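Okay, so here's the structure we're looking at.
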Amino acid sequence: MDNNTLLEKLNSLSIEEKIGQLIQLTGDFFEGDMDTVVTGPLKKLGLNIDYNVYNTGSILNITNPEKIIRLQTDYLEKSIHKIPLLFMADIIYGYRTIFPIPIAQACSWNYDDIEHAASIAAQECYDEGIHVTFSPMVDIVRDPRWGRVMESPGEDTLLARKYAQSVVLGIQGSNLDSTVPANKIAACVKHFAAYGAPVAGREYNAVDMSEHTLREYYLPGYQAAIEAGVKLVMTAFNTLNGIPATGNEWLNRDVLRQEMNFDGVLISDYAAIEELIMHGYAEDEASAARLALLASVDVDMKTAVYANQLKNVISGNDHMLELLNEAVYRVLKLKNDLGLFEDPFRGLQETVQLPTSSVLSDEHKKAALSLAEESVVLLKNEHELLPLSKHTKVALIGPYAEENSTLGMWAIKGEEADTVNLKTGLLKLVDPDNLSVCRGAHLLPLDAREAFDKYADKLAVETSAEEVLLHEAIRNANEAEVIVLALGESIYQSGEGGSRTNPTLPEPQLKLLYELSLLDKKIILIVYSGRPLILTEVVGKADAIIQAWYPGTMGGEALANILYGEVNPSGKLAMTFPRSVGQIPVYYNELNTGRPNLKENGFYRFASRYIDEVNEPLYPFGYGKSYTSYEYSLLSISQKEMKKNELVDIHISVSNTGIYDGKETIQLYIRDKFASVARPVKVLKDFKKVFLQSGQTKIVEFSIHEEMLKFYGREMKYKSEPGEFDVYIGSSSQEILLSFSFILLPEDNHE
């Protein structure tokens with residue numbers, strides 16, 4: 001449908017029909033006869049009794065293809081203008097083939113694989129009839145107390161930008177024109193903006209930050225998604241400097257639409273328009289509707305505000321009517337870009353058997369396995385305990401030894417029955433005679449279930465006494481050579497609404513670790529979590545530590561391959577691991593302060609430091625060990641002075657000096673030594689992940705260009721400034737192995 005035809009379609013709609021296109025409901029509004037709907041979902045949501053559900057524009061979280069076909073067919077039969085429904089769903093990191101959670105994916109530093117994973121999720125969604133997914137989430141996170149760390153790409157702006165671009169391209173395709181290709185769906189970047197920085201790490205809490213910090217660190221991830229062609233943006237729940245994001249006209253209309261050039265659909269998060277009232281920003285529903293429309297919000301997710309109030313809000317107001325028309329046009333254009341006017345059943349075959357569905361195919365599971373292997377981070381490997389010999393007698397102990405619930409909270413279509421748990425993964429490689437398995441401890445304290453509200457019934461019912469579990473664990477451990485201890489937080493301790501004041505391993509598991517550490521056995525600790533946990537008290541009790549995150553459908557097999565050396569771990573942390581809660585927020589690209597804590601000053605009181613803890617984290621951003629060793633040498637640079645239109649070319653030699661093949665991620669950081677605003681001690685500007693066989697050497701090349709030197713200065717202009725820059729190259733943000741300085745010349749020297 002061309003633009004003129006689309007405008008004709010828009011102009012043919014009544015006000016009620018236009019408003020309906022901006023409403024998102026769930027499928028139960030279309031079930032049964034109208035009397036049932038009126039007394040059920042319509043009444044529960046507070047929709048006016050005269051609201052026609054067959055004007056509705058989109059449906060939330062219906063993922064059953066048979067139901068999608070039935071709803072779309074029924075809707076089109078009863079709809080006057082035959083505008084198809086949009087079906088949207090929270091498919092964050094996999095439909096049925098579940099990949100590692102996003103924070104884990106970011107630890108792979110492999111954005112080709114991340115894009116491939118997103119394309120597989122899109123393919124499975126397409127095959128099942130879903131049109132839009134609410135991914136990627138690109139909120140920068142510096143506070144592991146926040147539960148939604150699991151959905152984020154971590155603390156770094158460069159990684160967030162690359163993650164945003166990769167996921168959008170994977171879900172939507174290259175977007176060479178406005179049409180979403182077959183086998184692709186529409187992506188929605190979220191949450192706009194700065195949702196990942198709530199005060200005290202508490203879910204839905206206020207965000208208070210300078211405009212400089214917002215622009216320098218938090219907005220670039222969303223911008224990268226927009227530049228990749230993302231079709232939708234979702235507003236955030238939080239206030240930003242006192243104004244709720246969903247009703248923030250400056251943020252959404254001035255910044256997002258005008259500055260960032262986004263012309264797609266802006267959708268509220270769940271009930272966020274109605275929540276403008278609870279924020280104390282809107283007096284009533286009519287005010288909330290007016291503020292959201294002024295802020296350019298196109299779709300009201302799961303409230304009655306737009307449906308009940310927009311007609312009155314626009315009555316006699318030409319400007320508000322114009323805004324309504326703009327919003328409806330954007331929704332119609334999205335449907336057109338998806339090809340729904342030509343094929344309302346996009347992605348679904350006429351038969352509901354779906355014989356050619358790609359869901360959970362062997363090819364997809366292979367991709368999930370590969371990304372899981374690259375996402376795992378080896379944090380410790382004392383005396384090269386790992387990899388294990390397949391002849392070693394192992395005691396696999398812990399609540400995650402046989403646990404299939406390792407998909408994370410947002411795998412809404414993931415099935416535990418499809419998941420390869422750790423025990424199953426190990427048994428693919430080792431003889432059962434060399435493996436004993438027991439639980440050892442409860443996942444959570446028995447009195448903790450009530451804290452999980454509606455998720456409590458999904459937690460495993462713990463029936464065995466703690467003493468019985470511990471006794472069995474000690475017996476198994478004594479009969480083994482090595483203990484593999486599979487511990488972690490519950491998937492319901494992270495994710496939305498999963499903020500924690502003390503993100504550590506649960507108490508029963510800490511007790512198990514302590515008791516086993518007294519046995520004088522080698523312990524390999526595997527940590528499952530949706531966030532960096534505080535492991536300071538744990539590190540000394542384990543000989544090796546593997547950060548597994550929630551590794552997805554193929555997680556158990558991936559971990560087994562790493563434990564036994566089938567795969568050499570190559571993950572690098574995308575987020576800092578703090579030593580204590582008191583350090584939070586802690587991140588690598590901090591400012592230097594006027595009184596930095598210099599090592600040469602010792603324990604000087606009047607410096608930026610703690611008196612009861614070191615400043616350094618337990619594990620820094622970019623950190624991750626390998627079974628092999630790498631050597632960086634032979635640094636060469638093309639010039640030590642550059643003009644704005646020139647490059648500084650860098651060559652370094654990287655050698656695998658160990659006995660295992662492996663992948664190393666070489667990281668390049670830059671520090672601007674003097675500028676119009678204080679600049680961080682270092683900022684990641686580039687990286688290369690290279691495969692090296694044992695004994696192999698490769699020349700790795702980087703180029704520094706002016707764009708890498710730009711920042712938001714005193715007047716909030718994004719530009720570079722002449723001066724001296726330090727360059728650091730290393731294997732993490734703290735392990736700097738090579739360095740040099742260069743000068744960006746002022747404009748006057750460009751003659």
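The values are calculated or read from the model by the stated rules, or taken from the named source; none is laboratory data. Just so we're clear, the structure is a prediction, and the values are computed from it rather than from any experiment. Note that we place each Cβ from the backbone using ideal geometry, even for glycine, and neighbour counts take in every protein chain shown.
Numbers below:
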| quantity | calculated |
| --- | --- |
| Residue match in the range 370-386 (condition: free of Cβ contacts under 8 Å to residues at least 24 places away in the same chain and either touching a His at 6+ places or on another chain (Cβ under 7 Å) or not acidic (Asp, Glu) (or both)) | no |
| Verdict on ASP726 being modelled with pLDDT under 95 and more than 16 Å from TYR623 (Cα to Cα) | no |
| Total residues in the range 587-618, condition over 30 Å from LYS719 (Cβ atoms), touching a Pro at 6+ places or on another chain (Cβ under 8 Å) and not aliphatic (A, V, I, L, M) | 1 |
| Residues of the range 400-417 classified as crowded, with 18+ Cβ neighbours inside 10 Å and not in a loop (DSSP other than H, G, I, E, B), total | 1 |
| Qualifying residue in the range 699-708 (condition: closer than 18 Å to TYR623 by Cβ and of a type in the set (A, V, I, L, M, F, W, C)) | no |
| Test: residue in the range 389-399 that is in a loop (DSSP other than H, G, I, E, B), farther than 30 Å from THR628 by Cα, touching a Ser or Thr at 6+ places or on another chain (Cβ under 7 Å) and in the same structural domain as GLU466 (by TED's automatic domain parsing) | no |
| Complete set of residues in the range 263-280 that are at positive phi and without any contact (Cβ under 8 Å) to a residue 24 or more places away in the chain | GLY280 |
| Hits in the range 252-285 - residues which are in contact with a helix residue (DSSP H, G or I) (Cβ under 8 Å, 6 or more places away or on another chain), over 26 Å from LEU86 (Cα atoms) and aliphatic (A, V, I, L, M) | VAL255, ILE277, ALA282 |
| Helices (runs of 4 or more DSSP H) contained in the range 247-324 and holding at least 3 residues in contact with a strand residue (DSSP E or B) (Cβ under 7 Å, 6 or more places away or on another chain) and farther than 26 Å from ASP90 by Cα | none |
| Of all residues making up the range 709-729, the number that are outside any loop (DSSP other than H, G, I, E, B) and crowded, with 18+ Cβ neighbours inside 10 Å | 7 |
| Scope the range 463-504; condition acidic (Asp, Glu) and either in a helix (DSSP H, G or I) or closer than 23 Å to LEU388 by Cα (or both); matching residues | GLU466, GLU467, GLU472, GLU479, GLU481 |
| Hits in the range 509-548 (condition: under 21 Å from GLY498 (Cβ atoms) and either outside the structural domain of ALA411 (by TED's automatic domain parsing) or in a loop (DSSP other than H, G, I, E, B) (or both)) | SER529, GLY530, ARG531, PRO532, LEU533, ILE534, LEU535, ALA548 |
| Residue match in the range 145-160 (condition: surrounded by fewer than 24 Cβ atoms within 10 Å (Cβ to Cβ), free of Cβ contacts under 8 Å to residues at least 12 places away in the same chain and within 21 Å of GLU590 (Cα to Cα)) | no |
| Matching residues in the range 608-629 - criterion: being surrounded by 15 or more Cβ atoms within 10 Å (Cβ to Cβ) and either out of contact with any Gly (no Cβ under 8 Å at 6 or more places or on another chain) or not hydroxyl-bearing (Ser, Thr, Tyr) (or both) | ARG609, PRO617, LEU618, TYR619, PRO620, PHE621, GLY622, TYR623, GLY624, LYS625 |
| Which numbered condition ALA558 misses (of (1) in a helix (DSSP H, G or I); (2) hydrophobic (A, V, I, L, M, F, W, C); (3) more than 21 Å from the chain's Cα centre (by Cα); (4) within 30 Å of LEU692 (Cβ to Cβ)) | (3) |
| Test result for LEU518, more than 21 Å from the chain's Cα centre (by Cα) and buried (at least 24 other Cβ atoms within 10 Å of the Cβ) | no |
| Tally, over the range 202-216, of residues that are over 19 Å from PRO244 (Cβ atoms) and either acidic (Asp, Glu) or buried (at least 24 other Cβ atoms within 10 Å of the Cβ) (or both) | 1 |
| Number of the condition not met by ASN110 [criteria: (1) closer than 21 Å to TYR306 by Cα; (2) within 34 Å of the chain's Cα centre (by Cα)] | (1) |
| Hey, ALA164 surrounded by 24 or more Cβ atoms within 10 Å (Cβ to Cβ), more than 25 Å from TYR492 (Cα to Cα), within 11 Å of the chain's Cα centre (by Cα) and of a type outside the set (Lys, Arg) or not | yes |
